[in-house]
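Each remark here refers to the structure printed beneath this line.
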Amino acid sequence: MSQYRLSATLKGHSQDVKDLAVIDNEKVATVSRDGTARIWNRAESGKWEDSTIYTSPEFLNSICYDKKNQVVFYAGKEALVNGHSIFASLGESTEPLYTLVGHESNVCALDLTEDELISCSWDKTAKVWSNGVCKYTLTGHDAPVWDAKILPGNRNHFITVSADRVIRLWENDSILKEFNGIHSDVIRHVEILNDEGTLFATCSNDGTIKIFDFNGTVKKTLEGHESFVYQIKFNKETNELISCGEDRSLRVWDLTTGEVKQVLRLPSISLWCCDFLPNGDIVVGGSDNLLRVFTVDPSRLAPKDEIESLQKEVEATALNSSTMDFDESKLSPYEILQTQGKKEGQLVVVKAPTGVIEAHQFSNGLWTKVGDVVGSSSAGSDKKIEYEGKMYDYVFDVDIEDGKPPLKLALNVSDNPYDVADKFIMKYELPSSYKDQIVQFIITNASGVTIGPTEPVSAPQTESNPMKVLPVKTYLSIKSYKSEGIFNGVVKMNAKEQTFTDEDLALIGTSLDDLDSNYEILYDTARKIKDSWSNKLVAFDILRLIVDKLPDSANIRDYIEEGLDNKDINITMMTVRILTNCFHNKRWGVKLMSSPDVYNSVFETIGTLFSDATLRQSQTLAISVATLLLNYTSLVVQGKHDSSQLDIVPVLAEVINNKYGVLEEYQTSEEAAYRLVIAYGNMSTVEPTLKQFAKSIVWLNQVKRRYLENPRFHDVFEDLSLV
């Protein structure tokens with residue numbers, strides 16, 4: 001069986017590719033969170049080039065193609081459906097040929113026949129348009145309508161699917177049939193599988209694809225995706241279906257057997273859209289801002305180095321154990337990779353000889369690595385906590401009412417905080433109004449870094465503090481670590497440097513397991529490494545773990561001077577983490593960090609240009625810098641009546657708005673972007689003009705376009721009056 005392999009990678013969008021429309025073998029149209037609609041043309045050389053036909057101030061996420069008139073229709077958050085000629089380019093045709101007005105919220109999908117177009121929206125409706133006029137408005141769903149299609153062979157018949165988990169068939173604007181229970185979660189997309197319009201396929205957040213008929217009878221269930229399935233497309237010529245979703249996979253299904261024929265893993269967290277080209281090639285777009293084309297035709301394959309580069313990117317991917325539904329009990333022996341897989345796309349998780357937890361997929365007769373598993377107890381900290389018979393990364397005490405025992409809140413680092421909050425409220429029968437504060441408590445205390453002590457959640461004080469998130473007063477720290485990993489690094493480098501004896505190494509290993517009792521030993525270890533080793537990174541790493549315990553700020557002076565403007569991005573990153581953790585040193589931390597000499601020089605010195613750095617390294621530095629900035633703004637809001645601390649605000653506002661916020665690595669890293677937004681929001685609570693001018697801050701609005709659908713961002717933007 002021929003297997004799809006990479007044909008081309010299309011680079012141009014600066015944010016997620018949300019939808020695509022195939023025009024022909026040489027042309028594809030796309031829309032993105034970056035607000036642009038683009039036409040991609042494949043040259044004779046095989047290279048794809050793009051032209052922008054429209055730029056919206058808001059994100060776009062749906063597009064379709066009118067072959068008869070050679071027009072693409074696209075829509076998004078503006079709630080308008082616009083049409084542009086496929087031959088237009090930005091500058092030639094700044095105004096759309098058509099604009100359809102009627103929806104009240106984000107338009108999330110479009111479809112058309114020769115003379116009619118159907119659109120659906122978060123406003124819970126679908127609309128049928130003819131000659132630029134709304135012919136029908138389909139009302140009745142209780143949640144956003146995610147997709148809608150016009151049925152072939154049945155004039156004025158339509159099908160809609162919704163977040164309310166209901167599928168409806170319509171005649172004109174009346175409900176003809178309604179199907180409940182086909183899916184157990186939000187339904188994202190619907191495809192029509194025959195010319196009569198009586199056989200359908202739908203996909204859902206429940207991870208399944210269902211094939212059913214006009215009476216709602218399920219004929220097949222396609223199972224294999226490990227998370228949400230966002231889009232499916234049908235190829236009538238081959239009777240194949242393709243699907244893509246939140247598990248980073250593109251899957252090719254044989255509808256005759258219901259079996260998966262091929263699973264393609266990609267280095268993109270969300271694969272939003274996919275379709276077949278007329279020649280059978282597949283194009284897919286995702287959250288890494290890229291389009292990729294895959295082919296079975298050897299003449300259209302990408303160069304070998306590009307195919308190998310993609311595979312290396314996939315292998316380096318970090319896979320969320322929660323998304324994969326993985327825990328330690330499902331760990332397979334490493335030797336399984338020497339055996340034949342049971343089926344195409346089979347996924348196993350093994351512990352490699354290096355100790356890394358890896359995911360491998362069986363495809364085309366071979367096992368290939370598809371990423372490292374993170375978020376599990378095997379992949380992270382070994383110090384799990386047992387609660388009610390299960391193991392968790394954290395079990396917090398949450399004080400809800402004075403004089404009563406605290407309530408237990410258990411979670412893993414990869415859990416969705418909104419889901420955890422909902423379950424916590426239901427378990428203890430708490431008011432739903434507590435949800436936002438519980439979510440903020442979780443985000444602050446378990447966002448992937450070790451957090452210092454914080455005040456427990458108390459009952460909501462909506463009158464005195466009507467905002468959902470701001471201000472955030474808790475200092476964050478970046479102290480997550482594995483003692484084994486640091487120790488192995490010391491041992492490996494010491495084999496070359498010959499600084500420590502075996503007895504010394506044993507003491508270092510023991511000390512790493514108890515920082516509080518052994519910080520002096522570790523400080524001496526770090527000093528020796530820094531003074532004599534060619535690779536000093538581990539010294540900086542050790543220091544960031546113990547800086548909150550050191551007796552004098554002079555202990556870190558040499559590290560800051562050497563590391564803050566270092567050409568090695570990893571040294572710079574560790575230095576920023578040292579400064580971030582200084583806020584937790586109760587002896588001298590806040591006094592040092594609030595010194596004008598320190599904060600004026602720190603942000604002026606931290607570099608932003610590292611020629612040899614990868615995007616991932618740049619994003620890791622971005623998270624560290626954003627956390628340091630957030631801690632400074634927490635200092636400000638804690639001491640908002642202290643004029644000396646208010647003096648920090650202009651410095652912070654300048655570097656956030658003009659130095660860091662505008663950089664790609666700060667915007668494309670969700671965590672860095674979130675912490676920058678919180679930092680800006682914190683300052684706005686003490687300097688009201690920052691809130692007044694928030695709508696004119698370019699980087700802030702770019703981040704808003706990218707992450708507005710993310711609940712935790714939405715709440716902060718609401719506090720800033722940006723939504």
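The values are calculated or read from the model by the stated rules, or taken from the named source; none is laboratory data. In this text, all values refer to a predicted model and were calculated from it rather than measured experimentally. Here the Cβ positions follow ideal geometry from the backbone for every residue, glycine too, while neighbour counts run over all protein chains shown. For the accessible areas, the whole protein counts, side chains as well, though only heavy atoms, and no ligand, DNA or RNA atoms are used. Shrake-Rupley method; radii C 1.70, N 1.55, O 1.52, S 1.80 Å.
Taking the Cα centre of the range 22-110 as origin, work out the dipole magnitude from +1 charges on Lys and Arg Cβ and -1 charges on Asp and Glu Cβ, in debye rounded to 20.
200 debye
Need the list of aspartates and glutamates near residue 567 for cross-linking: C-alpha distance under 19 angstrom, and skip anything on the same chain fewer than eight residues off.
531, 541, 558, 604, 612, 665
List the pairs from 77/659; 304/343; 473/549; 77/312; 330/369 whose alpha-carbon separation is above 25 Å, in the order I gave them.
Those over the limit are 77/659; 304/343; 77/312.
If R₀ is 60 angstrom, what is the calculated FRET efficiency for the pair residue 598 and residue 237, using the beta carbon separation as r and rounding to 0.05? Walk me through the numbers on the way to the answer.
Values: r = 67 Å, r/R0 = 1.11.
So the FRET efficiency works out to roughly 0.35.
In the range 147-250, with Lys and Arg counted as +1 and Asp and Glu as -1 at Cβ, which of these residues, 161, 175, 245, has the Cα nearest the positive end of the dipole, that is, farthest along it?
175
Run lengths n ≥ 4 of DSSP H only: what is the helix-derived mean residue ellipticity at 222 nm for the chain, with -39500 (n - 2.57) per run over all residues, to the nearest 500?
It comes out at -8500 deg cm²/dmol, rounded to the nearest 500.
Which of the three applies to the range 489-550, rounded, prolate or oblate, going by the alpha-carbon gyration tensor with a ≥ b ≥ c and a/c under 1.5 meaning rounded?
oblate
Taking the Cα centre of the chain as the origin, how large is its charge dipole in debye, to the nearest 20, when only Lys and Arg (+1) and Asp and Glu (-1) carry charge on their Cβ atoms?
Rounded to the nearest 20 debye, it is 360 debye.
How long are the three semi-axes of the equivalent ellipsoid of the chain, in whole Å, if each is the root of 5 times an eigenvalue of the C-alpha gyration tensor, listed from largest down?
After scaling each eigenvalue by five and taking roots: 46, 30, 26 Å.
Accessible area per residue, 1.4 Å probe, Å², for the chain: what's the number? If you can, show how the numbers build up before the last one.
Details: 31770 Å² over 723 residues.
I get 44 Å² per residue for this part.
Of 48, 672, 694, whose Cα points farthest to the positive end of the dipole of the chain (charges on the beta-carbon: +1 Lys, Arg; -1 Asp, Glu; origin at the Cα centre)?
Result: 48.
Computed over the Cα atoms, what is the radius of gyration of the range 621-723 divided by 2.2 N^0.38 Å, N being its residue count?
0.98
Work out which helices of the chain, taken as complete DSSP H runs, extend at least 18 Å along their axis over the Cα atoms and score a mean Kyte-Doolittle of 0.0 or more, then list them.
Details: long enough: 483-497 (20 Å, -0.27); 515-532 (25 Å, -0.91); 569-582 (20 Å, 1.01); 615-638 (34 Å, 0.80); 670-686 (25 Å, 0.26).
Going by DSSP H runs, the hits are 569-582, 615-638, 670-686.
If I take R0 = 25 Å and measure r between the Cβ atoms of residue 481 and residue 340 in this structure, what FRET efficiency does the formula 1/(1 + (r/R0)^6) give, to the nearest 0.05? Present the calculation step by step, with values, prior to reporting the outcome.
Values: r = 39 Å, r/R0 = 1.57.
Step by step, r from the Cβ atoms, then E = 0.05.
On a 25 Å Cα-Cα criterion, which of the cross-link pairs 408/468; 18/423; 68/210 come out too long?
Details: 408/468 23 Å; 18/423 31 Å; 68/210 32 Å.
The pairs that break the limit, which is 25 Å between Cα atoms, are 18/423; 68/210.
Count the net charge of all other residues whose Cβ sits under 11 Å from the Cβ of residue 233, scoring Lys and Arg as +1 and Asp and Glu as -1.
-2
Considering the convex hull of the alpha carbon atoms of the range 143-245, report its projected area averaged over all viewing directions, in nm², one decimal.
6.0 nm²
Could you grab the Rg to Rh ratio for the range 529-593? Cα atoms only, Kirkwood for Rh.
Value, to two decimals: 0.95.
Could you pull out which residues in the range 118-148 have an amide N less than 15 Å from a spot 7 Å beyond the Cα of residue 155, following the Cα-Cβ vector?
130-131, by backbone N distance to the label point.
When the accessible area of the chain is computed with all protein chains present and a 1.4 Å probe, what percentage of it is carbon and sulfur?
Carbon and sulfur together cover 47 percent of it.
Among 359, 290, 582, flag the residue with its Cα farthest along the positive direction of the charge dipole of the chain, charges on Cβ as +1 for Lys/Arg and -1 for Asp/Glu.
Looking along the dipole axis, the top candidate is 290.
For residue 261, what residues show an amide H to amide H distance below 5 Å, using hydrogens built from the backbone and excluding near sequence neighbours?
Here 252, 253, 254 satisfy the definition.
Using a simple charge model, +1 on the beta-carbon of Lys and Arg, -1 on the beta-carbon of Asp and Glu, nothing else, what dipole does the range 456-556 show about its Cα centre, in debye to the nearest 20? Intermediate results must be reported in sequence, preceding the final value.
Values: 12 positive and 15 negative charges, 114 e Å.
About 540 debye.
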